[in-house]
Amino acid sequence: MTILATARLRLEPVCPAHYEGLRVLNADPAVQRYIAGRPETPEETAAMIARVQGRWQQFGYSWWSFIENDTGELVGAGCIQHLGHDPVNEHEIGWRLLPSRWGRGYATEAARRMAAFAFDDLEAPSLAAICHPENADSAKVMRRLGMRNRGIENWHAQTVAVYDIGADAFAALRT
């Protein structure tokens, strides 16, 4: 399993040792406002960890926990997965952060590193990201990654705004 690093974060594959930090993250109503619309239960967090570990074994990628270098605290999570959890669909990138870390550039920092992994290691031809149409902050991160808004689609039983970027466009931004 691949550990990724940025200037301020260590992205570790989600594992049972991250349960408490993920439980706090996923139980936060502000974090879940545009994702599930309600806080996640402790049982749902435990089930998510087990599900994600299975995806790591199956695909070699899935969800990472964002560990802040300075504090060692779990401050967020993000993923490279397939839209709709179906390998026939394009790769999806996603993230969530504790509200205490919003506005610090962590989402963009982690997303850039995960996108580089998707394009460099997985050789993904493109990446998509989805968000609730009213989630302006997440859409800003998508635009900072160079993603373009391709419109409204239905994914994960929700109507969402979809952004995407191709490998060549992402590579051009890194030069």
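Could you tell me whether any residue of the stretch 37-47 is touching a residue at least 40 places away in the same chain (Cβ under 8 Å) and within 23 Å of ILE130 (Cα to Cα)? Lay out the reasoning, then the answer.
Step one: filter the stretch 37-47 for residues touching a residue at least 40 places away in the same chain (Cβ under 8 Å), giving none.
Checking the stretch 37-47: not a single residue is touching a residue at least 40 places away in the same chain (Cβ under 8 Å) and within 23 Å of ILE130 (Cα to Cα).
When each of GLU123, GLU109 is tested for being touching a Ser or Thr at 6+ places or on another chain (Cβ under 9 Å) and modelled with pLDDT of 95 or more, the lone residue that passes is GLU109.
Report yes if some residue within the stretch 47-66 is farther than 17 Å from VAL14 by Cβ, hydroxyl-bearing (Ser, Thr, Tyr) and at pLDDT 95 or above; otherwise report no. Can you show your working first?
Taking the stretch 47-66 as the starting set, the residues that turn out to be farther than 17 Å from VAL14 by Cβ are none.
The answer is no; no qualifying residue exists.
For the stretch 137-152, a tally of residues being in a strand (DSSP E or B) and of a type in the set (Lys, Arg) returns 2.
Can we say TRP95 is touching a Cys at 6+ places or on another chain (Cβ under 8 Å), among the aromatic types (Phe, Trp, Tyr) and touching a residue at least 24 places away in the same chain (Cβ under 8 Å)?
Working: touching a Cys at 6+ places or on another chain (Cβ under 8 Å): yes; among the aromatic types (Phe, Trp, Tyr): yes; touching a residue at least 24 places away in the same chain (Cβ under 8 Å): yes.
Yes, satisfied.
Only residues that are in a helix (DSSP H, G or I) and in contact (Cβ under 8 Å) with a residue 60 or more places away in the chain were counted in the stretch 153-175, giving 0.
Rundown of residues vs (1) touching a Lys or Arg at 6+ places or on another chain (Cβ under 8 Å); (2) of a type in the set (Gly, Ala, Ser), yes/no style:
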site: ALA110; (1), (2): no, yes
site: ALA115; (1), (2): no, yes
site: PHE119; (1), (2): no, no
site: LEU122; (1), (2): no, no
site: ASP137; (1), (2): no, no
site: MET142; (1), (2): no, no
site: ILE165; (1), (2): yes, no
site: ALA172; (1), (2): no, yes
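Inside the stretch 140-175, can you point out the residues that are among the hydroxyl-bearing types (Ser, Thr, Tyr) and either in contact with a strand residue (DSSP E or B) (Cβ under 8 Å, 6 or more places away or on another chain) or modelled with pLDDT of 95 or more (or both)? Result: THR159, TYR163.
The set of residues in the stretch 137-175 that are surrounded by 12 or more Cβ atoms within 10 Å (Cβ to Cβ) and either in contact with a His (Cβ under 6 Å, 6 or more places away or on another chain) or acidic (Asp, Glu) (or both) comprises ASP137, GLU153, ASP164.
The values are calculated or read from the model by the stated rules, or taken from the named source; none is laboratory data. The structure presented is a predicted model; accordingly, all values stated were derived computationally and were not measured. Every residue, glycine as well, gets a Cβ built from its backbone with ideal geometry; the counts of neighbours run over all protein chains shown.
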